[in-house]
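Each remark here refers to the structure printed beneath this line.
The values are calculated or read from the model by the stated rules, or taken from the named source; none is laboratory data. Quick caveat: nothing in here was measured; it's all calculated off a predicted structure. Cβ coordinates were reconstructed from backbone atoms using ideal geometry, including for glycine residues, and neighbour counts include every protein chain displayed. Protein only, heavy atoms only, side chains kept; ligands, DNA and RNA dropped before computing areas. Shrake-Rupley method; radii C 1.70, N 1.55, O 1.52, S 1.80 Å.
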Amino acid sequence: MNSEDLQPLLDSPTHQGNENILNRYLNNVQNKNLYLATFAAVLGPLSFGFALGYSSPAIAELTNVDDPRLALDKDAASWFGSIVTIGAAAGGIFGGWIVDRIGRKLSLMLCALPFVLGFTLIVSAQNVWMLLLGRLMTGLASGVTSLVVPVYISETSHSRVRGTLGSCVQLMVVTGIVGSYIAGMLLDWRWLAVLCCIPPVFMVILMCFMPETPRYLIQQDKTSEAMAALKFLRGPNADHEWEYRQIESSGDDQETSLAFSELRSPAIYKPFLIGIFMMFFQQFTGINAIMFYADTIFEEANFKNSSLASVIVGLVQVAFTAVAAMIVDKAGRKVLLFISGIIMAISAGVFAIYFKLTTTVVNNSSGLQSLATGTPISPVDHLAWLALASMGLFIAGFAIGWGPIPWLIMSEIFPLRARGVASGVCVVTNWGCAFLVTKEFHELMVSLTSYGTFGLFAGFCALNVLFTAFCVPETKGKTLEQIEAHFRGSGSVQEYGSFADIQ
Ligand code: BGC
């Protein structure tokens, strides 16, 4: 794997001409229906955010519930939180399989079923097993959604807005997480589960009126439906027949499935490895461990209301993910990944130093006195601002790059016929690593100490930066077909036809 940018290819004179033609085409495009289709699709990630966030308020109640059949002990509570990630990893395998067989739209609509069934099981649970099975089902739905929605959005979008629309996936995930934290302050765990059924139901209803992606339809030889989908998505003024021809002639669609032997081809294994490593690195930043640890940090800073603490952390994520979505098509993916990786490496490093200082200070505590009041200050309180600041910075750093962009890049870099399988492998890697990090976090804190654990995360964040520099291609402003041509190393992008074709 090396880091050739798309730039040399795109600077060629033929390419300049092609870019002009593409720009002329895009100038006539109307995005209203594309935004509508994206809105319908991202109700999926909203549902998955609700499913992820559900455990936090529900566990707080279910560990103290009166009914002994439903009361969660420490072990069951930890499974109630983490089993979603196992379901989601399984959802990645299942999603990768169905997305190429029944299509993107139907796969997405199908997700509503395990979401609603899972939450219904939770609402009607008679024992802990039913609660866990319900969580597993909502996890399965989350896994399929995390694969299908980025693919649906990237295949319906065009290069001018693909980054922004693709980043809305993560924006809706974090909005869903905060949504369930806030709703959890007002509703009990059963009513909260009922509320969690609303986004997937709306998603199904709206998706009935949205088209399948033109690229999938073209691959299935459904010409007239693909034309109709493009016409709907690009509006009446765009020459959608021209875009149809570009996708059709991309050269990848003659084959509809991937042969195992093709894994030796750089056009397949390069994007495959980039996708897998991006998911690995996203999880080994330690984001889920840090989010999980947020309550404790806030408590140490004398912030007693830990549900409010989670809401604040969530809102920081929403705000910075929104910033990323707004600028990603202008700034580019790599710049944001760099900024994000550097901020996280520094803040995780400071976090590690905080732990080093507090343990040392506690050990040598000599009874510090507050100058103003004369009361003793706990050394941990004294440094709490450092923990809060570095945690806030870390979360903001993640949200601006490594949160949304791995999902975006996953949906952009695979050739059409490898998209289902390859995205499935990425989703399994992501959720598998999420499970590992969250489940092993406590062990890690014991064996490596807090200082060592956060130092390790800082190290991984620094590696992220190197990985971005050497391995991640810049996909800003490119069509999916151009990105595919880059990995094929064919040295030329597809011809765009002439101006006459567009007007
Ligand atoms: C990650 C999840 C994480 C979520 C919220 C996603 O991009 O894959 O593991 O929980 O963001 O931050």
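For the pair Leu187 and Asp75, a Förster radius of 41 Å applied to the C-beta separation gives a FRET efficiency near 0.95, rounded to the nearest 0.05. Between the helical axis of 384-397 and the longest alpha-carbon principal axis of the chain there is an angle of about 10 degrees. To the nearest ten degrees, helix 32-62 and the longest principal axis of the Cα atoms of the chain are 20 degrees apart. Distance check, please: which entries in Lys105/Lys476; Lys231/Lys478; Lys32/Lys476; Lys334/Lys356; Lys330/Lys356; Lys74/Lys334 exceed 31 angstrom between their Cα atoms? Violating the 31 Å Cα-Cα cut-off are Lys334/Lys356; Lys330/Lys356; Lys74/Lys334. Take every Cα pair under 8 Å whose residues are at least 6 apart in sequence, average their separation, divide by the length of the chain, and the relative contact order is 25 percent. Dipole magnitude for the chain: about 240 debye, using +1 per Lys or Arg Cβ and -1 per Asp or Glu Cβ, origin at the Cα centre.
Between the residues Gln219, Ser411, Phe202, the greatest Cα displacement towards the positive end of the dipole of the chain, with unit charges on the Cβ of Lys, Arg, Asp and Glu, is found for Phe202. Take the Cβ atoms of Val194 and Tyr269, set R0 to 41 Å, and the FRET efficiency comes out at 0.35.
Direction-averaged projected area, Cα convex hull, the chain: 25.0 nm², rounded to one decimal. Taken as Cα centroids, the range 202-246 and the range 111-167 sit 24 Å apart, rounded to the nearest whole angstrom. Dipole magnitude for the range 13-84: about 500 debye, using +1 per Lys or Arg Cβ and -1 per Asp or Glu Cβ, origin at the Cα centre. Seen against the Cα atoms of the chain and their longest principal axis, helix 198-207 is set at about 0 degrees. Phi angles across the range 289-296 convert, under the Karplus curve 6.51 cos²θ - 1.76 cosθ + 1.60 with θ = phi - 60°, into 3J(HN,Hα) values of 5, 5, 4, 5, 7, 3, 4, 5 Hz, Gly and Pro given as x.
Residues within the reach of a label modelled at Thr296 (point 7 angstrom out along Cα to beta-carbon, backbone nitrogen below 19 Å), restricted to the range 391-424, are 391-395.
Compared with the direct C-alpha span, the chain from Phe209 to Lys439 gains 78.7 nm at full extension, assuming 0.36 nm per residue. The length gained on full extension between Trp129 and Lys330, counted as 0.36 nm times the residue separation minus their Cα-Cα distance, comes to 67.5 nm. Between Cys471 and Thr359, the simple label model (points 7 Å from Cα in the Cβ direction) yields a spacing of 3.0 nm.
Taking the accessible area of the chain, probe 1.4 Å, and keeping the other protein chains in place, the carbon and sulfur fraction comes to 66%.
Excluding ligands, DNA and RNA, the accessible surface per residue across the chain is 40 Å² with a 1.4 Å probe. Think of it as helices only: each DSSP H run of n ≥ 4 in the chain is worth -39500 (n - 2.57), and spread over all residues that comes to -25500 deg cm²/dmol at 222 nm.
Exposed loop sites here are GluC sites (Glu not before Pro) assigned a DSSP state other than H, G, I, E or B and surrounded by at most 13 other beta carbons within 10 Å; excluding them, the longest clear run of the chain is 5-494.
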